Amino acid sequence: MCGTPGPSKRWSESEFEYLLLSSAARLGEDSYGAAIREDLEKSIGRRCSIGALYTTLERLEAKGLIETWMGDATPQRGGRPKRMVRVTAKGVRAAADFYNAVMRVSRGVSWVRP
Amino acid sequence: MNRAWWWLVDRISQALEPSERDAVRGDFAESGESGGRALLGILGLVVRRQLLLWKDWRPWLGLIGLVGPVGVLLTIRTLALLGGLSYFFWASYPAMTTGEQILLLGGDLVLVPVLSWTAGFVLGSLTRRTLWLHSALFCLWLPYSHARVAHYVRQGIVFALLFEAVLFFFPAVLGARWGIRKGTIGLRRPICYAPQS
């Protein structure tokens, strides 16, 4: 799975779900497996396994936070289709709630690495 | 070497649903993934998928309810049948010529393939995507079975193994294929089929 540099090597399940939702929302219409993976790797500076990505996508879909469907095949992908992703209204609400909670709880806190 | 990795990626990705397999292979192609990394990625995904499947009750029922007890039962019945046949064909054992025992032998000749087919069908219907693992565990009985066959039938080991394949293995494979084609079944049908097993 993707992880942060430093002592904590892995994201928890819910943290990774939030990262994935944010990435999918940022990519908008161009949100699909490989693009999300590339965007996440750029953002967090670590490799992201395809296994973590696809199992998390399935979990988010089961929770109703995203919708996925098979897109068009392109020559760049060897004629294989993309798994397109769209964040649902429920997903937007869940991500916003999580973000607001993190912002509120972080107020006045200064995280300095020892 | 890279071609070998990609060949492995192809083989392992067969364990995924077709749509997911296409999407993942497309992602690998688009991001220019190396064969080694793609292999690690696909292995990770397949392992995660398999582990998630075991959150359901069906693979556990297949393992505890079928692979264990029915595997033992079928192995014992097949061995008994082979023992009887070997006496009948090769040893000319006088007791085997009684009508009752010939009837028992004939009954087993029908019972073992029917049980094998039923066990395969229920396993195929219940487990589908974990069937390869269940089949591998089921086959753990085979070395024991073969050792016993060699003990019973010294004169015709090849014939005996062929017989075992026809009576036990092929019906189970056909049943499993049928079960997979029929798709996942609910709780009622396995309960109906279980007493037959």
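What follows is calculated from the coordinates using simple rules that are stated; it is not laboratory data. Computed from a prediction, not measured in an experiment: that's the story for all the values here. So basically every Cβ, Gly included, is an ideal-geometry build from the backbone, and we count neighbours across all protein chains shown.
Some notes on this structure:
- Table column - 3J(HN,Hα) (Hz), the range B:54-61, Karplus curve with 6.51, -1.76, 1.60, x for Gly and Pro: 7, 6, 7, 7, 4, x, 5, 5
- Residues whose placed amide H lies under 5 Å from that of A:Ile66, excluding near-sequence neighbours: A:Glu61, A:Thr88
- Per residue of peptide B:127-139, the mean number of Cβ atoms on other chains within 10 Å of the residue Cβ is 0.
- Once the C-beta distance of A:Lys42 and A:Glu15 is scaled by a Förster radius of 22 Å, the resulting FRET efficiency is 0.80 to the nearest 0.05.
- Long-range amide H partners of A:Thr74 with built H, under 5 Å: A:Gly79, A:Arg80
- Once the Cβ-Cβ distance of A:Val105 and B:Gln50 is raised to the sixth power relative to R0 = 35 Å, the FRET efficiency obtained is 0.40.
- Directionally averaged shadow of chain A, computed from the convex hull of its alpha-carbon atoms, nm²: 7.9
- Under the Karplus curve 6.51 cos²θ - 1.76 cosθ + 1.60, θ = phi - 60°, whole-Hz ³J(HN,Hα) for the range B:19-25, x wherever Gly or Pro sits: 5, 5, 4, 4, 4, 5, 5
- Taking the centroid of alpha carbons for each part, the range A:9-68 and the range B:19-60 are 15 Å apart.
- If the chain linking B:Arg177 and B:Leu8 were pulled fully straight, counting 0.36 nm for each residue of separation and taking away their Cα-Cα distance, it would gain 58.4 nm.
- Cross-link pairs beyond the 25 Å C-alpha cut-off, checked among B:Lys55/B:Lys182; A:Lys42/A:Lys82; A:Lys42/B:Lys55: A:Lys42/B:Lys55
- Legend: mean number of C-beta atoms from other chains within 10 angstrom of residue C-beta atoms, peptide A:31-40, equals 3.
- Amide H contacts of A:Tyr32 (H built 1.01 Å from N, in plane; Pro and chain starts excluded): A:Val85 sit under 5 Å, all sequence-distant by 5 or more or on other chains.
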